[in-house]
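Throughout, read-outs are computed from the coordinates displayed, never taken from laboratory work. Being a predicted model, the structure only gives us computed values, none of them experimental. Every residue, glycine among them, receives a Cβ derived from its backbone with ideal geometry; neighbour counts consider all protein chains shown.
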Amino acid sequence: MRFTSMLRVHDGQPRTIPDPLIPGFSESAFYDAFMAHGDGSPEDLNIYNFGALVASRVDRIFMTLEQVERECRRFTYDEVAEAVVVFLHRTQVQVFSDYQAALEEITTISREALQGLRTSVDEHGSRFTAQEILQAAVDGARHVLKHARGNKGFGGKGNERGIDDLQAVLPIVLKLGSQFESLRSQWNSVLWGEARVYVDVRPPYQYHIDKYVSRREFLASVDLARRESVIARDADEMKGQARVGEALARKVIMRDRKGPGCSPLTVLSAGAMPPELREIAIQLAVAHSTLLDRQVEFFLNATHESLKGMTYRKVLDAWYCLTLLALVDWHSAHEDPTQVENTSIAQLTRISINELVNAMSLVLEVSPADAKTILNFLTYQGGHQTLWSRPLLVTSDFVLPLWWPLQAGHLMRLVDSWGGAKGSKGAQYSDKGHEYEDLIGDLLHRLSRYRNVSIPFTALGPRLAIKEIAEDGNEVGDVDAAFIVEKTLFILECRSVGYPAEAYEFWSVNDALEDKIRQVTRKKNYIAKNPEVVVSWARKLRIDLPIEPIERVVSVVVSNSFLLEGERKEEPYFVHLDTLFNLLLTGKSIFGGGLDQNNQEVEFHVDFRMQAVSVADAIIQALQSPAKAEAYKASVVPFEVKIPPFDHTDATGFVRSPAVELPSALAEIEALLRRCSFSPYISHVTVGR
């Protein structure tokens, strides 16, 4: 697989083989590289064939785009931007109307199953979630906007005036953008996700991509599903703890729809909003608080050279206001189907630039010039920017907020993009590693003192120093955090990673986590041979150690990722902080079961202490085979999507992907859990009894 490996170019590395996704691809150079570096493996051959197919399709996309531009009149960027926004917003209204109609036929469903509900069907019968449809639409639209902005408009390349109706042209162009995005995703899943690909060497070169058999793609699907589940759970838990008064005191922006004599925008406190909208403001504040990891809080006080002194925290405050404004607009369109017409959606979306600047100035308590700087920072300007981090389009007169990127954008991905961007000033984003160690150390100490903690333990850390050289000649290094249960010391190597969504991002996260194996193993081996170091830590921290001496050292990599959880049966074990925290707090993994026949809420508890083993041994088993990880992996099923050809001369593609489909009914949930290896340790609990 030497040829395949050389195609994987990380950021900053030089490219030695042509990229099939970039126009101007040289088929001869690609072939020469394959002949020079291919190792005869089927993987290299198949990825070569698929790369050539991708390049030919990309070439057809740009040729078709060129043809469309010759056949239509010149449209300005402003015209294209507004038409794209109308298309995206109408799509969102339609997709969620389908979703709502599907829900009306369902009587019982779990939250997890709700997230994976496939209610949208394309013309080929393939089923998708609402989120998948909207993400594809947004990503495809970006290519159209990038092209129109880079060329200061679209079309007008022919000798005649051409097609005058943008609504006749736009669907074709947006489809081209979606096709390019689909090719990009397929190529990355093969290159970085290690999905298997087979291309028929006979015309029209039909191809099959199988992500389901790729362990990387399989684990990525589980990681994404578990992340969504934890976010939803945390948001529910935070509602009861939310500082409602603080949320209602925030200044927000609303449209004033009373009449033409009033300004379209008004600034008020969230508490002064109508009750229904006030609840939306509270829920949004809770959601934003849930999405932001504590270890990046310090970085929000930093800035970027293009922000002219304004902090990232101010940008997030602006994001909140814009999202609330988008949610209210979306609520209005969703509740009133008459507004789905092109004109109504356009009117609903447009905001006067000057009015938004002045309103945002009042909300953020900054000058209008600074408010404009912040809005510019969130405005899409082409190039490599995405609509997920730049959800505002600006025309000559209006700002056009994009509903879905504002509503569905993950704030940690946003902050990660700022942290990795050139031009940041102030706090260094790389310091989040130390912040994460402090966070875990603080959580362990507080949890160890909690009187209702299920597993008593002694907390140590953060950053427990070892100023010695290991047998391999390297410094042993500090232990990030540790805790003692009975006679076992658990040492923790902490790693804060990004929140991947793309195949190449999952590759990077996987590498970052596995890089910790060597480090934590070196520390474990040293401590096992020099247990007196634990006594020195306790003495410095003024902590009373358990009477029993340490007889065993167990190494664990703790992170904010579910990606590798349960994947290693030998040390070090990979575990998400959420899993470790709940294990120590409750001693169990808890699964919601819904309602029984008596309308009583049911839970299933998995407790490895039900065996005749020590508490420390039960913890080790829970780290080796985390119940949630196993249950989610057991719920992964394959689903197939047909990729249509350009025309009768082109290839049809078939992509099989893994998808988490959790059961909803009580009996189905129990049946799933009983199929898992932890079945002997399940107890059926009626909540409240």
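Structural remarks
- A simple packing score, the average count of other Cβ atoms within 10 Å per residue, orders the peptides 568-575, 306-313 as 568-575, 306-313, with the highest score first.
- Listed values [x] 90, 69, 57; [y] 85, 58, 49; [z] 176, 129, 70, entry calculated as Cα extents along the principal axes in Å: [x]
- Helix-derived mean residue ellipticity, 222 nm - over the chain, DSSP H n ≥ 4, -39500 (n - 2.57), to 500: -16000 deg cm²/dmol
- Long hydrophobic helices in the chain: the complete DSSP H runs spanning 27 Å or more by Cα along their own axis with mean Kyte-Doolittle hydropathy of at least -0.5 are 42-71, 77-103, 130-150, 166-191, 312-335.
- Of all beta bridges that DSSP places with both ends in the chain, some 75 percent have antiparallel geometry.
- Pairwise centroid distance, computed over Cα atoms, of segment 3-64 with segment 83-135, Å: 35 Å
- In this structure, the residue pairs whose Cα-Cα separation is over 27 Å, taken from LYS372/LYS425; LYS467/LYS628; LYS308/LYS432; LYS211/LYS569; LYS432/LYS523; LYS529/LYS569, are LYS467/LYS628.
- For VAL213, neighbours were defined as the other residues whose beta-carbon sits under 15 Å from its Cβ, and their charges (Lys and Arg +1, Asp and Glu -1) total +1.
- Comparing Cα centroids, segment 527-579 and segment 601-669 end up 28 angstrom apart.
- Counting beta carbons within 10 Å around each of ASP472, ASP44 and listing the fewest first gives the order ASP472, ASP44.
- Shape category assigned to segment 2-218 from the gyration tensor of Cα positions, a/c cut at 1.5: oblate
- Exposure proxy ranking, count of Cβ atoms within 10 Å, fewest first, for TYR212, TYR450: TYR450, TYR212
- A simple packing score, the average count of other Cβ atoms within 10 Å per residue, orders the peptides 530-536, 419-425, 430-436 as 430-436, 530-536, 419-425, with the highest score first.
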